[in-house]
1. Exactly one condition in (1) modelled with pLDDT under 95; (2) touching a Pro at 6+ places or on another chain (Cβ under 7 Å) is not met by Pro76; state its number.
2. Take the residues in the stretch 27-37 that are open to solvent by 60 Å² or more (accessible area, probe 1.4 Å) and not β-branched (Val, Ile, Thr); name whichever of them is modelled with the highest pLDDT.
3. Pick out the one residue from Val167, Val124 that is within 15 Å of the chain's Cα centre (by Cα) and open to solvent by less than 60 Å² (accessible area, probe 1.4 Å).
4. Just to confirm my filter: which strands (runs of 3 or more DSSP E) fall fully inside the stretch 38-110 and include at least 1 residues that are more than 15 Å from the chain's Cα centre (by Cα) and crowded, with 16+ Cβ neighbours inside 10 Å?
5. Here is a list: Ile132, Ile152. Which entry is buried (at least 16 other Cβ atoms within 10 Å of the Cβ) and assigned to a strand (DSSP E or B)?
Amino acid sequence: MRPSGIRTAAVSALVAVVAASAVASPAITRRVSDRPPPAHTGGFGEPTCHVCHFEYEENDGRATIELVGLPPLYVPGEKYTLTVTLAHPELRVGGFQLSARFSDGGRVGMQAGALRALDERVDVTPPSELPIQYARHTGAGVVPPEPDAARIAWRVVWTSPPEGGAVVFHVATNVANDDASPLGDRVYTRSFEGRVKK
């Protein structure tokens, strides 16, 4: 083979490797964005999404996180539809993770009630897999319902614990720029308290 033929073969091989990497990389990113690893809410010593989306400092104050549907006082054993909302001027796609745990007493840190997804935008880890349930976004749930809205939401049903008790909801969110990399994303966390109605 002539030198020019060798160069052509080498260039072709390099192009093939680069093309394969370009195909594989989004697939890896998609697997992560579709149901992120559990236990990343920041509650009770857990890490947050910041371990992967690390370019900016956590909680720079530009995002608004709300947990709509949680009453000031809950009734034991009742079902509540909770909506996690995330708003940020730079949001293109977004993600979240939520947990519900007792915040005091002998059960502190343990699962409080039960979580259930309402649609394909949310997944909840089965109780049989981990001692704590985690509600989290799916691949279908990273895109805002309205384009260019800079706001995204996820819904989950919480069945409150029949025995009552103080509950803390830890929420971690990711404001992402949709470039299939961990860079350029911003992580925000917040906690919400639930008290039993007596």
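The values are calculated or read from the model by the stated rules, or taken from the named source; none is laboratory data. Predicted model, so just to flag it, every value in this text is computed and none were measured. Using ideal geometry, Cβ is built from the backbone for each residue, glycine included, and neighbour counts are taken over all protein chains shown. Ligands, DNA and RNA are excluded from the accessible area calculation, which covers all protein heavy atoms including side chains. Shrake-Rupley method; radii C 1.70, N 1.55, O 1.52, S 1.80 Å.
1. The number of the failed condition is (1).
2. Residues of the stretch 27-37 open to solvent by 60 Å² or more (accessible area, probe 1.4 Å): 28, 30-32, 35, 37.
If we keep only those that are not β-branched (Val, Ile, Thr) as well, we get 30-31, 35, 37.
Details: Arg30: 40, Arg31: 37, Arg35: 89, Pro37: 94.
Step by step, filter the stretch 27-37, then rank; the result is Pro37.
3. Within the list Val167, Val124, the selection yields Val124.
4. 79-87, 93-102
5. The unique qualifying residue is Ile152.
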